[in-house]
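So the structure is just underneath, and the comments pick up after that.
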Amino acid sequence: MSVETKNGQPQSEEITLDLELTLDEAEALKAWLLKPAADGSAAIDDANAKSVMVQLGQKLDYISGVNQVRDELEEAGFDTDSMSDEQIAELGRRIADTPIRRYSAKGE
C-alpha cells in the first residue's frame with residue numbers, strides 16, 4: 001500500500017485498505033463485530049463499523065449462496081467445474097425468480 005503524504009498527513013480524503021481473509025476468518029470477524037462490548041455498546045452503532053459489517057455480510061452471503069447452489073447442482077448430477085462463481089450466482093438468481101410453487105394434487 002502506498003499513500004501520498006504531505007506533512008505526514010494523507011493527501012487523499014479517504015484511504016482504502018484491502019484485506020484477504022479466509023472464509024473462516026471473515027465469519028469470525030463478523031461474529032466478533034456483532035458481539036456487544038463490555039459497556040453494552042455494539043459495533044453496529046458505529047457508522048464505519050456498520051458499513052464494514054454490511055459489506056462483509058454481503059460478501060459472505062454471496063459466497064454461501066454460490067456454494068449452496070453449486071452443491072445442489074452437483075447433487076443433482078450437473079458438472080459445475082467449468083462454471084465460474086458469477087455464472088453459478090446468475091443461474092441461482094434465475095432459478096429463484098421462477099414462478100414455481102409447491103403443487104399438491106387433491107386426495108394425495
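The values are calculated or read from the model by the stated rules, or taken from the named source; none is laboratory data. Quantities reported herein were computed from a predicted structural model and do not represent experimental measurements. Glycine gets a Cβ as well: all are built from the backbone with ideal geometry, and neighbour counts include every protein chain shown.
If I filter the stretch 41-63 for residues that are in contact with a Gly (Cβ under 8 Å, 6 or more places away or on another chain) and at pLDDT 85 or above, do I get at least one hit?
Taking every residue of the stretch 41-63 in turn, none turns out to be in contact with a Gly (Cβ under 8 Å, 6 or more places away or on another chain) and at pLDDT 85 or above.
Can we say A49 is surrounded by 10 or more Cβ atoms within 10 Å (Cβ to Cβ), on the phi < 0 side of the Ramachandran plot, in contact with a Phe, Trp or Tyr (Cβ under 9 Å, 6 or more places away or on another chain) and in a helix (DSSP H, G or I)?
Against the criterion (surrounded by 10 or more Cβ atoms within 10 Å (Cβ to Cβ), on the phi < 0 side of the Ramachandran plot, in contact with a Phe, Trp or Tyr (Cβ under 9 Å, 6 or more places away or on another chain) and in a helix (DSSP H, G or I)), A49 does not qualify.
Could you check how many residues of the stretch 55-98 are part of a helix (DSSP H, G or I) and of a type in the set (F, W, Y)?
So the count comes out to 1.
Can you name the residue in the stretch 76-108 that is of a type in the set (A, V, I, L, M, F, W, C) and exposed (fewer than 11 other Cβ atoms within 10 Å of the Cβ) and, of all such residues, is farthest from K59 (Cα to Cα)?
So, considering only residues that are of a type in the set (A, V, I, L, M, F, W, C) and exposed (fewer than 11 other Cβ atoms within 10 Å of the Cβ), the one farthest from K59 (Cα to Cα) is A105.
Could you look through the stretch 5-32, keep only residues that are in contact with a helix residue (DSSP H, G or I) (Cβ under 7 Å, 6 or more places away or on another chain) and either over 24 Å from V66 (Cα atoms) or of a type in the set (D, E, K, R) (or both), and pick out the one that is modelled with the lowest pLDDT?
Looking at the filtered set, the residue picked out is K30.
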